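Some notes on the structure that comes next.
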Amino acid sequence: MQNQDQQQPSYSQQSADRQFKPSGESYVGIKDWLRTFVVLFALQAASDIYSLFSLFANSIGVREVIGIILYIISGAMAASAAVLILMRKKIGKQVAIANIVVGTVAYVVYMIVVGIATNAEVKDAGFVVTWFGGITLLAVLVDIACILYFLKSRRVKETLVN
């Protein structure tokens, strides 16, 4: 019986307290999720610039003017967030959060307008409302998680210090 007790692996408190990062590795730097957000902000800025210039191919109406204003604001915020984070500026965190919030609000308004417009044309209005509501809720929850990353991340706090 004593042999069996000795063969069982022993679990110490030390292994349970171990963190994901080795103690010698620094959290300072544009790495991991912070790098992912920089790439995503840069892609968003490029997409907004492309969409802005593609609006000029058509005749300009109210919809196009709203699109132009939105793409200018969104593209400038995304590019600014990417550049400020790469420069390790503290304000990069606020610009990134503002970019996410503005994008979320614009998306929610867009989905409400599309839902109202589609609701009048579709027989099964409950399905449309549920579908658009589910997509919008999922987008809002993902954006909240992104905002929480910028607010709580140790890497963001230690990297964006200037």
Could you go through the stretch 39-62 and let me know if any residue there is open to solvent by less than 60 Å² (accessible area, probe 1.4 Å), part of a loop (DSSP other than H, G, I, E, B) and without any contact (Cβ under 8 Å) to a residue 24 or more places away in the chain. yes
Across (1) under 14 Å from the mean Cα position of the chain (by Cα); (2) open to solvent by 30 Å² or more (accessible area, probe 1.4 Å); (3) more than 21 Å from Asn162 (Cα to Cα), Met77 clears everything bar (3)
Of the conditions (1) in a helix (DSSP H, G or I); (2) over 17 Å from the mean Cα position of the chain (by Cα); (3) among the hydrophobic types (A, V, I, L, M, F, W, C); (4) closer than 30 Å to Asp32 by Cα, Phe132 satisfies every one except a single condition; which number is it? (4)
With the first residue restricted to the stretch 89-113 and required to be open to solvent by 30 Å² or more (accessible area, probe 1.4 Å), and the second required to be acidic (Asp, Glu), Cβ contacts under 8 Å at 6 or more apart or on different chains are Val101/Asp143; Gly103/Asp143
Failed criterion for Trp33 (all others in (1) in a helix (DSSP H, G or I); (2) open to solvent by less than 80 Å² (accessible area, probe 1.4 Å); (3) touching a Lys or Arg at 6+ places or on another chain (Cβ under 8 Å) hold): (2)
Qualifying positions in the stretch 114-159 - among the small types (Gly, Ala, Ser), free of Cβ contacts under 8 Å to residues at least 60 places away in the same chain and surrounded by 13 or more Cβ atoms within 10 Å (Cβ to Cβ): Gly115, Ala125, Gly133, Ala139
Hey, any hits in the stretch 95-110 for a residue that's small (Gly, Ala, Ser) and farther than 17 Å from Leu160 by Cα? yes
Hey, Val65 open to solvent by less than 90 Å² (accessible area, probe 1.4 Å), closer than 25 Å to Leu141 by Cβ and out of contact with any strand residue (DSSP E or B) (no Cβ under 6 Å at 6 or more places or on another chain) or not: no
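The values are calculated or read from the model by the stated rules, or taken from the named source; none is laboratory data. Remember, it's a predicted structure, so these values are computed and weren't measured experimentally. Here Cβ is always computed from backbone atoms with ideal geometry, including for glycine, and neighbour counts include all displayed protein chains. Side chains are part of the model used for accessible areas, which takes the heavy atoms of the whole protein and leaves out ligands, DNA and RNA. Shrake-Rupley method; radii C 1.70, N 1.55, O 1.52, S 1.80 Å.
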